[in-house]
Amino acid sequence: LNFTQISSLFSPPISAANPGHSLLVRPLCRGDYDRGFLQLLSQLTHVGHISREQFLGRFSSMKACPDTYYVTVVEDTQTNKVIAAASLITELKFIHDCGLRGRLEDVVVNGDYRGKQLGKLIVMTVTLLAKELGCYKMSLDCKDKLIPFYNSLGYIDEPGNANSMTIRF
Ligand code: 16G
């Protein structure tokens, strides 16, 4: 997986550097509290009522773990809104020669922006980042209906290893 191979997945061609008119791919920043980041996440799952202080506190806690939380967003600079997001979380391991595992989390695209390949773009951007950081694999959990989407981007159910299990608290 390299930049050329990734570019060939997009038609018309877009990239993290050129995501489309008035769009910008960048890391999450503190000001995104006011750019609708949490409202965007609520299109994925329950978010709750998070105050500015809570948001900034969580942001600082993530920053305090260097090289771990790569929360990536797409901003529409015309509306000043965050309209897509995806996170890469890296996990330090002993296995795989003290390797690094990547986890793809909290992928969401604003429903009003469907059909612009932004889901593909943001997932491939953080996937390539995981590779560049030296992760030996990247994995995700998703709803059944999204399996074809992730398959199209190279994610597979590994034979004999395709179980995702949960305990809810
Ligand atoms: C999906 C997300 C996961 C998110 C979860 C929230 C991806 C690839 N997967 O599984 O990151 O945390 O939904 O659902 O974006 P929950 O509220 O049921 O935990």
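Laboratory data are not the source of any read-out in this text; all were calculated from the coordinates shown. As the structure is a computational prediction, the values presented were derived from the model and not from experiment. All Cβ positions, even for glycine, are placed from backbone atoms using ideal geometry, and neighbour counts span all protein chains on display.
Each label was represented as a point 7 Å from its Cα along the Cα-to-Cβ direction; for L56 and K143 these points are 3.4 nm apart. In summary, the lysines within cross-link reach of K63, defined as a Cα separation below 25 angstrom excluding same-chain residues under 8 places away, comprise K81, K93, K131, K137. If I stretch the segment between R168 and L153 completely, what's the gain in nm (0.36 nm per residue apart, minus their alpha carbon distance), one decimal? Working it through step by step, the gained length comes to 2.5 nm.
What number, in percent, do you get for the relative contact order of the chain if the mean sequence gap of Cα pairs under 8 Å and at least 6 apart is divided by its residue count?
Numbers: 217 pairs, mean separation 32.9, N = 169.
Averaging sequence separation for qualifying contacts and normalising by length gives 19 percent for the chain.
The GNM of the chain, with springs linking C-alpha atoms under 10 angstrom apart, assigns the highest mean-square fluctuation among G115, G57, G20 to G115. Taking 0.36 nm per residue of sequence separation and removing the Cα-Cα distance, the S8/L44 pair yields an extension gain of 10.2 nm. Taking each residue as 0.36 nm, the span from C98 to R30 lengthens on full extension beyond its C-alpha to C-alpha distance by 21.3 nm. Its alpha carbons give the chain an Rg and a Dmax of 16.2, 47 Å.
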